[in-house]
Amino acid sequence: MLSSDWRGYRIAAWVGQFLLAIAIAVELYHRNWVGSFTLACFLAASFMFVTLENKLPTLFDFLFVVAALINAGGWVWGLFYPPGPYDEIAHAFTTFSVTLALSFLVYESMLTPFRYHRLLYILTIASFGIAIGALWEIFEWVVQVINDLDDTIVDLIMDTIGALTAALVSVWALQERVHPKSTVEDQPVSPKRRR
């Protein structure tokens with residue numbers, strides 16, 4: 001079984017970044033300023049994640065670039081608007097990948113203690129991802145890409161599914177990344193040992 005830090009994920013992320021740069025060029029050629037700006041933000045963030053080699057599992061880098069490419073497809077070929085589940089899949093997967101990457105960075109100092117409190121970790125990461133999804137919906141409202149209230153509600157549901165999935169995958173990566181140590185400092189203190 002591959003680890004979450006397999007080098008092939010990083011190579012695939014670089015290839016994805018190249019494809020994303022091509023998608024940005026296509027959007028600029030078609031004068032779709034919102035699409036090109038959004039994709040440029042994804043590309044900049046993916047460069048940041050990939051350059052933080054030891055901070056994130058390489059799988060998270062790769063998944064973030066895949067989410068950027070899914071969004072690129074939506075902008076370049078207009079796949080967000082026709083009937084079908086493309087927009088919903090994009091929302092769920094984007095929230096999933098962004099939550100995975102950002103949660104590991106934001107909660108980096110808490111990863112070892114979270115190892116002993118998995119349910120708290122899952123709730124924290126899921127809440128973080130749901131908040132990201134809500135902020136994305138505000139962005140969509142500001143740039144006027146929201147069709148109606150039903151679309152917003154469905155998007156928020158898909159964002160929640162993505163955030164919960166990210167929390168569960170993150171627990172797996174947390175166990176792989178933070179190896180149990182036998183020192184007394186890392187062990188949870190039982191009530192008897194506090195005396």
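The values are calculated or read from the model by the stated rules, or taken from the named source; none is laboratory data. Please read all numbers here as calculations on a predicted model, not as lab measurements. Here the Cβ is made from the backbone with ideal geometry for all residues, glycine too, and neighbour counts use every protein chain on show. Please note that ligands, DNA and RNA were not included when accessible areas were found on the heavy atoms of the full protein model with its side chains. Shrake-Rupley method; radii C 1.70, N 1.55, O 1.52, S 1.80 Å.
A72: small (G, A, S), free of Cβ contacts under 8 Å to residues at least 24 places away in the same chain and either touching a strand residue (DSSP E or B) at 6+ places or on another chain (Cβ under 9 Å) or not in a loop (DSSP other than H, G, I, E, B) (or both), yes or no? Judged against the criteria, A72 is not a match.
Residue count for segment 16-31, restricted to those that are open to solvent by 80 Å² or more (accessible area, probe 1.4 Å) and under 15 Å from M48 (Cα atoms): 1. Which members of segment 15-44 meet the condition of being of a type outside the set (A, V, I, L, M, F, W, C) and assigned to a helix (DSSP H, G or I)? Result: G16, Q17, E27, Y29, G35, S36, T38. Kindly indicate whether any position in segment 139-154 is open to solvent by 40 Å² or more (accessible area, probe 1.4 Å), assigned to a helix (DSSP H, G or I) and under 22 Å from F60 (Cα atoms). No - not one qualifying residue is present in segment 139-154. Answer yes or no as to whether T112 is modelled with pLDDT under 90, among the hydroxyl-bearing types (S, T, Y), farther than 24 Å from V171 by Cβ and open to solvent by less than 60 Å² (accessible area, probe 1.4 Å). Against the criterion (modelled with pLDDT under 90, among the hydroxyl-bearing types (S, T, Y), farther than 24 Å from V171 by Cβ and open to solvent by less than 60 Å² (accessible area, probe 1.4 Å)), T112 does not qualify.
A quick yes/no check of all residues on (1) under 16 Å from E137 (Cα atoms); (2) of a type in the set (A, V, I, L, M):
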| position | (1), (2) |
| --- | --- |
| V26 | no, yes |
| Y29 | no, no |
| L39 | no, yes |
| L52 | no, yes |
| P57 | no, no |
| I70 | no, yes |
| A92 | yes, yes |
| T112 | no, no |
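For L79, the test of being among the hydrophobic types (A, V, I, L, M, F, W, C), farther than 19 Å from A173 by Cβ and part of a loop (DSSP other than H, G, I, E, B) is passed. Quick check on V106: is it open to solvent by less than 30 Å² (accessible area, probe 1.4 Å), β-branched (V, I, T) and in contact with a helix residue (DSSP H, G or I) (Cβ under 9 Å, 6 or more places away or on another chain)? No, not satisfied.
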